[in-house]
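The values are calculated or read from the model by the stated rules, or taken from the named source; none is laboratory data. The shown structure was predicted, so the numbers you read here are calculated from the model rather than taken from an experiment. Here Cβ is always computed from backbone atoms with ideal geometry, including for glycine, and neighbour counts include all displayed protein chains.
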Amino acid sequence: MLRIYLLGGCRVTLSDGSDGTPRAKKTRAVLAFLALTPDASATRERVAGLVWSDRLEEQARGSLRQAITELRALFRDGDAGALHIDRDVMRVNLDQVWIDAREVERMADGPLEEKRRIPELYRGDLLADLSAIGGAFQDWLYGERAWRREQAFGGMAAAMRELIVLRDLPAAEAIARHMLALEPSHEEAHRGLMEAFARSGDKAAALRQFQVCVDALKRTLDAKPGQPTIQLYERIRADRLDTPMPELQTAMPTAAPPPAAAVGAAVKPAPAVAEGQIETLPVAVLPFRNVGGDPEQEYLGEGFAEDIVNGLSRFKWLSVIPGASSGVFRGQDVDPRDIGRRLNVRYAIEGTVRRQGGVVRIGVRLVDCEDARALWTDQRTVEFVRLFDVQDEIVRGIVGQLNPKILQAEIDRVRRRPPDNANAYDCMLRAVPLIYQASPTAFRTAGEFLERALRLDPGYAHAHAWMAFWHLMGVGQGWLTDREKSDAAAERHAHASIELDPDDPMGLSFAAHVEAFLRHNYDLAEHFHERSLTVNPNFGLGWALSAAVACYRGRPLDALERMERYRTLSPFDNFRYFWETVTVISLTLAGRYQDAVVAAQPILREHPNFMAVYVPVIVSLAYLGRGDEARNLSRQLLAVQPGFSIKMFETITPLERPEDRERYVIGLRMAGLSEH
């Protein structure tokens, strides 16, 4: 199998053991970006715009063609299938390629035996050898590198803690030393070494390690140890190591802010948003900077910033602070942590506009105001004469991508915090990724978090909306067997969400899906979708859900068009696999069986417990005459959902037209599934 190493530097080993590392830095950048996107694929346009953001569009496309030529020359013979490239899309075939960064991602969420192996792979920062590419790629790399680092350190710290509890002190010490070799100021690693030394009977070494920690923090961050480190030191010094103490913070690598001298005082973390009950999340849109040097072009940036404010304001869970309020930062290069403190926001959206001759370049960046990380970047290039014709389209694309990126950032934030003191907002955020895991255990945990959110705040509209979706998902997957009770609960929560916030696009879209999928009230469902997308035409999830209703009503071509709108607005949605199942169903209903089978492969490979995708693929394989494959997939479906039958399908299917239901039933019979 071809192996791609990205941690500590980029290296490729071909399946025959020979070196296949691209020589050109930007070719390595292309390969790395493809390997790390959620579905390991991207459009050519996206790749060219990211890696060659400093060039005109035609030049960027030409440079990408050269990079593709180099990759094809390297990936040959037995490795030719590792990379798929057509006119529009580039894709790494994950079933033929092993990638160290993805392996660490899997290990970090795994059991102890997986976590303790992370040091074998995490030998340094992501793409440490790619430091001079600049532009949009550098912004992407900054955020991706920080996230991968945090994930790896979190997994290693968790393994270290478990090994200390199990008294495997040498193994815990080895992990702590590895962490400190990479990050000398990582306090939890210092605490791990202190405790390992103390529990092995070397009190002097434990106390010396505390001083090493003090010196490292002073030297690298001009900071002092935190309270958990000081408390551990005091307990070791007083021979009270086993005295209970407050639970340590969840593992998280220490951020590296600028030296204190640069800001005139010791660095303090930005308080940003108060941690009480949050119904709306404050986000600042800063004035876009005119970097072209011509003051007469200021109006371009002001127009884009204003349009983005208007677009984001349609997402009811965001409270958008516009450029007028953030104008104090106009034209300044300000530390995002200062923005967070002064405007009391957790995230800021920055932008630049540059006009060079007949071309305008627009750059946008989403920044975390707590640690100054760039979470997402976007670069657009357009001819000036076309700018005002396509400005609305550009803004829609930017706004549509910002919403899921902010949501994912919030989900990642609450994951790093102990759940004991979570408020209703945090509980809801913890539930969302668990729902999408398509696992019965994660599903039940998600329901518990949503119940807790509603106990804490019975009037929380978004929690009601997600609870409605939770019940809907449980029925569709066969995890909630009392259909009457689940249908009633889903409808109750959906209506509560709309009553509490009648103009919330998400609540309207989820209510629409409840009406269509569970109640088969298709007219009301389309009414709710029309309201949702009128309130916020940039709501990508709303377009995907409306595509599902179009499918149910026998309009697969309309559904495919709506899914295309979803992809345009949410190209990097972390939960895209869930909604791409609508594409598979649409293709099946349109009689495009081969396309349906191809579209389903990433979902089947990466989310084998997601029952909804199996049925249309089984039907498509049956109509293609590939009976053995259809029967094999049927056996896999029965492993995921024991007892699945044609009768069960007929009970839960939301398809409205008898001919569509009959098409499915015939296909399932051809695949050998039982009637009852």
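Structure data summary
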| item | result |
| --- | --- |
| Long-range neighbours under 7 Å by Cβ, at least six apart or interchain, first residue under 18 Å from Gln209 (Cβ atoms) and touching a residue at least 60 places away in the same chain (Cβ under 8 Å) within segment 158-173, second surrounded by fewer than 20 Cβ atoms within 10 Å (Cβ to Cβ) and of a type in the set (D, E, K, R) | none |
| Some residue of segment 562-585 being β-branched (Val, Ile, Thr), farther than 18 Å from Ser509 by Cβ and not assigned by TED's automatic domain parsing to the domain that holds Ile398 | yes |
| Of all residues making up segment 42-75, the number that are crowded, with 21+ Cβ neighbours inside 10 Å, touching a Ser or Thr at 6+ places or on another chain (Cβ under 6 Å) and at pLDDT 90 or above | 1 |
| The one condition in (1) farther than 30 Å from Arg361 by Cα; (2) surrounded by fewer than 17 Cβ atoms within 10 Å (Cβ to Cβ); (3) modelled with pLDDT of 85 or more that Gly78 fails to fulfil | (3) |
| Filter result for Val617 (modelled with pLDDT under 95, buried (at least 16 other Cβ atoms within 10 Å of the Cβ), outside the structural domain of Ala511 (by TED's automatic domain parsing) and out of contact with any Lys or Arg (no Cβ under 7 Å at 6 or more places or on another chain)) | no |
| Subset of segment 103-119 that is over 17 Å from the mean Cα position of the chain (by Cα) and of a type in the set (Lys, Arg) - its residue that is farthest from Ala159 (Cα to Cα) | Arg117 |
| Of all residues making up segment 561-579, the number that are farther than 20 Å from Ile406 by Cα and either among the β-branched types (Val, Ile, Thr) or crowded, with 21+ Cβ neighbours inside 10 Å (or both) | 2 |
| Looking only at segment 335-364, and only at residues there that are within 23 Å of Arg61 (Cα to Cα) and among the basic types (Lys, Arg), the one that is modelled with the lowest pLDDT | Arg355 |
| Unmet requirement for Asp95, which otherwise passes all of (1) outside any loop (DSSP other than H, G, I, E, B); (2) of a type in the set (D, E, K, R); (3) more than 30 Å from Arg380 (Cβ to Cβ) | (1) |
| Checking Ala409 against (1) in contact with a strand residue (DSSP E or B) (Cβ under 8 Å, 6 or more places away or on another chain); (2) assigned by TED's automatic domain parsing to the domain that holds Leu286, the condition it does not meet | (2) |
| Residue among Arg553, Arg562 that is out of contact with any Gly (no Cβ under 8 Å at 6 or more places or on another chain), farther than 23 Å from Ala639 by Cβ and in contact (Cβ under 8 Å) with a residue 40 or more places away in the chain | Arg553 |
| Hits in segment 98-128 - residues which are under 18 Å from Ser15 (Cα atoms) and in a strand (DSSP E or B) | Trp98, Ile99 |
| Residue selected from segment 2-20 under the condition free of Cβ contacts under 8 Å to residues at least 40 places away in the same chain and surrounded by 16 or more Cβ atoms within 10 Å (Cβ to Cβ), by the criterion farthest from Val51 (Cα to Cα) | Thr13 |
| Residue that is outside any loop (DSSP other than H, G, I, E, B) and in contact (Cβ under 8 Å) with a residue 40 or more places away in the chain, where the choices are Arg605, Arg567 | Arg605 |
| Test: residue in segment 120-140 that is without any contact (Cβ under 8 Å) to a residue 24 or more places away in the chain and buried (at least 17 other Cβ atoms within 10 Å of the Cβ) | yes |
| Test result for Trp543, closer than 30 Å to Val309 by Cα and either touching a residue at least 60 places away in the same chain (Cβ under 8 Å) or in contact with a Lys or Arg (Cβ under 8 Å, 6 or more places away or on another chain) (or both) | yes |
| Subset of segment 472-482 (residues that are in a helix (DSSP H, G or I) and touching a residue at least 60 places away in the same chain (Cβ under 8 Å)) | Val475, Gly476, Gln477 |
| Test: residue in segment 489-510 that is among the basic types (Lys, Arg) and outside any loop (DSSP other than H, G, I, E, B) | yes |
| Residue match in segment 657-666 (condition: crowded, with 21+ Cβ neighbours inside 10 Å, over 27 Å from the mean Cα position of the chain (by Cα) and among the hydrophobic types (A, V, I, L, M, F, W, C)) | no |
| Residues of segment 364-391 classified as out of contact with any helix residue (DSSP H, G or I) (no Cβ under 7 Å at 6 or more places or on another chain) and in a strand (DSSP E or B), total | 1 |
| Filter result (surrounded by fewer than 23 Cβ atoms within 10 Å (Cβ to Cβ) and outside any helix (DSSP H, G or I)) within segment 517-542 | Arg519, His520, Asn521, Pro537 |
| Residue within segment 423-430 that is buried (at least 21 other Cβ atoms within 10 Å of the Cβ), assigned by TED's automatic domain parsing to the domain that holds Glu499 and over 20 Å from the mean Cα position of the chain (by Cα) present | yes |
